[in-house]
Amino acid sequence: MRFDRELLKGTTETFILATVAEMPCHGYQLVKQLKLKSEGIFQLGEGTLYPILYKLEAKGWIAGKWDGGTGQRRRRVYRITPLGRRQLAARSEQWSELVRGMALLLGASTNE
Amino acid sequence: MNKHPKIEHSIATILTNCGLPMDRRTEVADELRDHLSQLVDAKCAEGMDEDQAIQTALAEFGSLAAIRRQLRKQQSVLDRRHVMADLRRYVWPLVAGCGIIALLVAIFAPAPASVSLRCLFGAIISVGVCGIMITYGVSAELLVYRLQRPRPRSEFHFQKSFCFWGAVVFGFFIFMASMSPLAIIVCGFFGQYAFLHSSPYVAPQLQAEAHWFLLRCLPTAMMDNPLRSFLLPLLTVLAGATAIALYERSRCVDEDEVADTFITE
């Protein structure tokens, strides 16, 4: 399903925080996880993930660290920070309220 | 890790003019390369041949220009934050310094000024000094920050750099000029003038200089001496901007070094 661009604004950060909170992962893994967890509803443009990751890192919500030494592929693995967890909790709460409100509104309009 | 020319070319396209500092570019290049390689491996595992896999992987990766745009935007936010964070460190010492100046002026400025008038002079002068220091601080911070981050030579545009530094040097001149009567109200001209003429602690020579500068510099010198008021600042701006732009160019990294980092044919 294709979503309205306006509707998705500001949600990507929450997707990423929620995915990284579950387990530390690198970029490629993150995209796959996101797709898997959302049952294919959300699919990121893979390259556009990185500017968002760097933004979250700059905010201190996630922390990236290079893993893998000689002979292995070096990969930058992202983990959620305590600050990121707090942010995720706050956003989850807001989302729950938003979804509840929207469900009530849309439910009311379809019942009419 | 295998470096495929098409992948390397795409990474180079993303990172050209993306605004990231050189050390950061290498890291980002490694990360993007790893992602694309995994995508290609996955496509190959699905049964595609290498060329087709790369083509599909690049298509799924998204618009290279859009990624570059986002990286650039992100970096510019970080740059601004970095400069502002550095400047914030100067604020309290500045405020403290200005407070001390105000106090000293209030205590030591001699008669005929009354105590309340001296306090007022002190406050005005300290605000002026604070403004001056902040302006110098911002200019110096920008200068150091920009020169500390070398860019690839191919991304250096002399005209752009010259215009940027020309504007900075010109801004400096305007700022210097603002210490004259043009910015009487803003800079607390009355306070400075009264202080300079009432205090015996200020050397007579300095008083004379300040007097000339404050009263005559802009309004009269422009008529009296066009060379000093127009040509000299203009030449200084041109020379200053050229020198800094050339210096910035000398800080850029050679093409070969960039090619080694991003493109391996």
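Spin-label model, A:GLU57 to B:GLN55: label points 7 Å out along the Cα-to-beta-carbon direction sit 3.3 nm apart.
Once both labels are positioned 7 Å from their Cα atoms along Cα-to-Cβ, the gap between B:GLN148 and B:ARG251 label points is 1.0 nm. Counting only other chain Cβ atoms within 10 Å of each residue's Cβ, the peptide B:16-27 averages 1. For the stretch B:65-71, 3J(HN,Hα) computed residue by residue from phi via the Karplus equation (6.51, -1.76, 1.60; θ = phi - 60°) reads 5, 5, 5, 4, 4, 5, 4 Hz, glycine and proline entered as x. Annotation: peptides B:13-23, B:28-38, ranked by per-residue average of other Cβ atoms within 10 Å with the highest first, follow the order B:28-38, B:13-23. When +1 charges are put on Lys and Arg Cβ atoms and -1 charges on Asp and Glu Cβ atoms, the dipole computed for the stretch A:5-111 relative to its Cα centre reaches about 420 debye.
Considering every residue in A:39-52, what mean count of other chain Cβ atoms within 10 Å of its Cβ is obtained? Could the numbers behind the result be given before it?
Values: counts 0, 0, 0, 0, 1, 1, 6, 11, 16, 8, 4, 9, 12, 2.
Mean number of neighbouring Cβ atoms from other chains: 5.
For the stretch B:235-245, putting each phi into the Karplus relation 6.51 cos²θ - 1.76 cosθ + 1.60 with θ = phi - 60° gives couplings of 5, 5, 4, 4, 5, x, 5, 4, 4, 5, 4 Hz, in residue order, rounded to whole numbers and with x for Gly and Pro.
Any idea what the dipole of the stretch B:5-62 comes to, in debye rounded to 20, about its Cα centre with Lys/Arg Cβ at +1 and Asp/Glu Cβ at -1? Don't jump to the answer; show the numbers that get you there.
Details: 5 positive and 12 negative charges, 54 e Å.
Using only the charged Cβ atoms, the result is roughly 260 debye.
Peptide A:10-17 shows a mean partner chain C-beta count of 0 within 10 Å per residue C-beta. Debye sum, Cα scatterers, the stretch A:5-111, no solvent: what log₁₀ I/I(0) at q = 0.13, 0.16, 0.21 1/Å? Normalising to I(0) and taking log10 leaves -0.54, -0.76, -1.17.
Phi angles across the stretch B:19-33 convert, under the Karplus curve 6.51 cos²θ - 1.76 cosθ + 1.60 with θ = phi - 60°, into 3J(HN,Hα) values of x, 6, x, 4, 5, 5, 4, 4, 5, 5, 4, 4, 5, 5, 4 Hz, Gly and Pro given as x.
Here the scattering of the stretch B:11-79 is modelled by Debye summation over its C-alpha atoms, one equal scatterer each and no solvent; at q = 0.13, 0.15, 0.17, 0.19 Å⁻¹ the log10 of I(q)/I(0) is -0.41, -0.53, -0.64, -0.75.
Amide H contacts under 5 Å for A:CYS25: A:TYR78, restricted to partners 5 or more places along the chain or on a different chain, H placed in the peptide plane at 1.01 Å from N. Provide the FRET efficiency to the nearest 0.05 for the B:LEU103-B:VAL83 pair, computing r from the beta carbons and using R0 = 45 Å. About 0.90, to the nearest 0.05.
The numbers here are math on the coordinates, done by the rules we state, and not lab data. Just so it is clear, the structure is predicted and the values come from calculations on it, not from any experiment. Using ideal geometry, Cβ is built from the backbone for each residue, glycine included, and neighbour counts are taken over all protein chains shown.
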